[in-house]
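Before any comments, here is the structure.
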Amino acid sequence: MATVEAPEPTSILVSGATGYVGGRLIPRLLEDKHRIVCLVRPQSNLDRPFAGSVAVVEGSADSADDVARAAQGCRVAFYLVHSLGRDDFADYDRRMAEAFRVGCERAGVQRIIYLGGLGRSDDDLSPHLASRQEVGRVLGAGSVDVTEIRAAIIIGSGSASFEMLRSLTETLPVMVTPQWVQETRCQPVAIRDVLTCLQRAVGRTVSGHEILELGGPDQLTYVEMMQGYAAVAGLRRRLVIGLPVLSPSLSAHWVTLVTPLPAILARQLVDSLINDVVVTETSAVEELGVEPISFRHAVQRTLQMVSDLVIPTRWTGSSMIPLLEATPNPEDPEWASGSVLEDICRTTTSATPADLFRVISGIGGDNGWLTGNWMWRLRGLADKVVGGVGLRRGRRHPLDLAVGDAVDFWRVESIDTDRFLRLRAEMKLPGHAWLEWRIRNVEAAPDQSSNGSGAAVTTIQQAARFVPRGVLGRAYWYVLVPFHTLIFPRMLARIVEAAEQSAAATVRSPTVRKPI
């Protein structure tokens, strides 16, 4: 195995900084003393711990002008974006890759590093894998040197492939699967090994378009991976029955119902399971001097990270709303001719803004929605049936929130700690919807029985806002008004109750003196 020295510090452009891989790679590149420039869509927010250590340029990877502007002075550019989850993902990814390559050529970038997907080029590849390899060819068709690292299924906390594997194995002790799930083979690889390869590729000097294939040390079928996961997780061995009549399409529908993945993403990932994804050509492990860990070790590490709530990025980090769709501002009534429908509740409480915000920021995921959880689950199921994201995406962390985080079928759009939180809906809707909370400290009227100063109270406003699209959008809103009446006032009351109980518990807690 080759010994690879750390590359000299340089300037690097990263596209996909808000994504699953990019968000984990950037801290490593910063540790290597590289200067990092992040190309971020205007509607995105780079709310990450490393945000203050990188240069941020607003723009899109599908604009050669934006890429050229962001890449000025950069020697290396990482291409870590894709549009998986769109119906037209192959066409869009092709156009985006070409624009990125042209922008890099204009800026004088010397090397593009691209993370693609394994699979034999002469095989009848799934649309997903075929598109990933086409992107590599498009990037390599210009004058910039390209290092394309083709990886198999990535095992890591929060990855879409791992979430699908975990949900299927934990939910179904007995499952009926297509026969090919027990026959096709892959080399799953730990996210830490993927990141190490990308990190070391910065120092490559090979000219032209090189392809390095990356897989872990184990070649396994998907059934063997499920059994391996069950063993590591302490579950009983799963009974898997293979039937030759089950198609990828039928399997994708089942995966959609059982796992947190939305229908379109589940279908694209399941389609890819029909192909062997094993290393057959130049090995990234050998070329980049990586010692990959085994599948079971990777699962063990991942489960430990999930248990410790160490999930810096997650597959839900990318919005499911199409990139080209215009999204209104809920506070701009002039959008859509002033059609902003609202359900607003207000109340006051003795709880502090911090206590209220702590409760609000913990809503969703395994914590539930404080009231009417069965109605929330029913709405999530209905969304899944029509191809939406559903309610089971959960959240990255049970308490902490950052802009861009998914919270079930919502996404965090804006945060002002202890003052404001806005969630944007990503379910299938005939319009656009938001749920938000505003918290404000006010002073009550003077208490005549005391020294004349008013006691501090807190006001909290909860607002559900909807910008309808046509007659169907208006009908949708008014059909749900009775459910809003049942849910939203009770939700606000429960938020206040939980915050007041938390405040009271803090007051009752005795002060513990440490021995000197």
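Considering I12, I36, I26, the condition of being assigned to a helix (DSSP H, G or I) and among the aliphatic types (A, V, I, L, M) is satisfied by I26 alone. When the stretch 382-405 is filtered for residues that are aliphatic (A, V, I, L, M), out of contact with any Phe, Trp or Tyr (no Cβ under 9 Å at 6 or more places or on another chain) and within 23 Å of D87 (Cβ to Cβ), the ones remaining, listed by number, are A382, V385, V386.
Inspect the stretch 376-394 for any residue being farther than 22 Å from F466 by Cβ and at pLDDT below 90 and give the result as yes or no. Checked the stretch 376-394: at least one residue is farther than 22 Å from F466 by Cβ and at pLDDT below 90. The set of residues from the stretch 197-225 being assigned to a strand (DSSP E or B) and either among the polar types (S, T, N, Q) or free of Cβ contacts under 8 Å to residues at least 60 places away in the same chain (or both) comprises just one member, T221. Of the residues making up the stretch 348-374, those that are exposed (fewer than 14 other Cβ atoms within 10 Å of the Cβ), of a type outside the set (S, T, N, Q) and touching a residue at least 12 places away in the same chain (Cβ under 8 Å) number 1. Return yes when L172 is touching a residue at least 60 places away in the same chain (Cβ under 8 Å), surrounded by 22 or more Cβ atoms within 10 Å (Cβ to Cβ) and among the aliphatic types (A, V, I, L, M) and no when it is not. In short, no. Taken over the stretch 126-165, the criterion of being in a loop (DSSP other than H, G, I, E, B) and under 20 Å from S283 (Cα atoms) is satisfied by G140, A152, I153. Contact map, the stretch 397-425: first residue under 26 Å from G387 (Cα atoms), second residue of a type in the set (A, V, I, L, M) and part of a loop (DSSP other than H, G, I, E, B), Cβ cut-off under 6 Å, separation 6 or more or different chains; pairs are H397/L309; D408/L391; F409/V389; F409/L391; F409/M427; V412/L401; V412/V403. Would you pick out the residues in the stretch 75-106 that are in contact with a strand residue (DSSP E or B) (Cβ under 8 Å, 6 or more places away or on another chain), surrounded by fewer than 24 Cβ atoms within 10 Å (Cβ to Cβ) and either in a loop (DSSP other than H, G, I, E, B) or of a type in the set (A, V, I, L, M) (or both)? If the condition is that a residue be in contact with a strand residue (DSSP E or B) (Cβ under 8 Å, 6 or more places away or on another chain), surrounded by fewer than 24 Cβ atoms within 10 Å (Cβ to Cβ) and either in a loop (DSSP other than H, G, I, E, B) or of a type in the set (A, V, I, L, M) (or both), then R75, L80 are the ones that fit.
Going by what's in this entry, would A190 be described as aliphatic (A, V, I, L, M), in the same structural domain as Q110 (by TED's automatic domain parsing) and at pLDDT 90 or above? Don't jump to the end; show me each part of the working.
On the way: aliphatic (A, V, I, L, M): yes; in the same structural domain as Q110 (by TED's automatic domain parsing): yes; at pLDDT 90 or above: yes.
So A190 fits the description; yes.
Among the residues of this structure, M427 counts as one that is modelled with pLDDT of 85 or more, farther than 21 Å from E500 by Cα and not in a helix (DSSP H, G or I).
Restricting the stretch 477-498 to residues that are of a type outside the set (V, I, T) and under 13 Å from E342 (Cα atoms), the residue that is surrounded by the most Cβ atoms within 10 Å (Cβ to Cβ) is W477. Considering only the stretch 417-437, I want to know if a residue exists there that is over 21 Å from the mean Cα position of the chain (by Cα), over 24 Å from M164 (Cβ atoms), of a type in the set (S, T, N, Q) and surrounded by fewer than 21 Cβ atoms within 10 Å (Cβ to Cβ). Scanning the stretch 417-437, I find at least one residue that is over 21 Å from the mean Cα position of the chain (by Cα), over 24 Å from M164 (Cβ atoms), of a type in the set (S, T, N, Q) and surrounded by fewer than 21 Cβ atoms within 10 Å (Cβ to Cβ), so the answer is yes. Against the test of being assigned by TED's automatic domain parsing to the domain that holds M175 and at pLDDT below 90, the options V285, V278, V270, V299 yield a single qualifying residue, V270.
The values are calculated or read from the model by the stated rules, or taken from the named source; none is laboratory data. This is a predicted model, so every value here is computed, not measured. Heads up, the Cβs are rebuilt from the backbone with ideal geometry, glycines too, and the neighbour counts pull from every protein chain shown.
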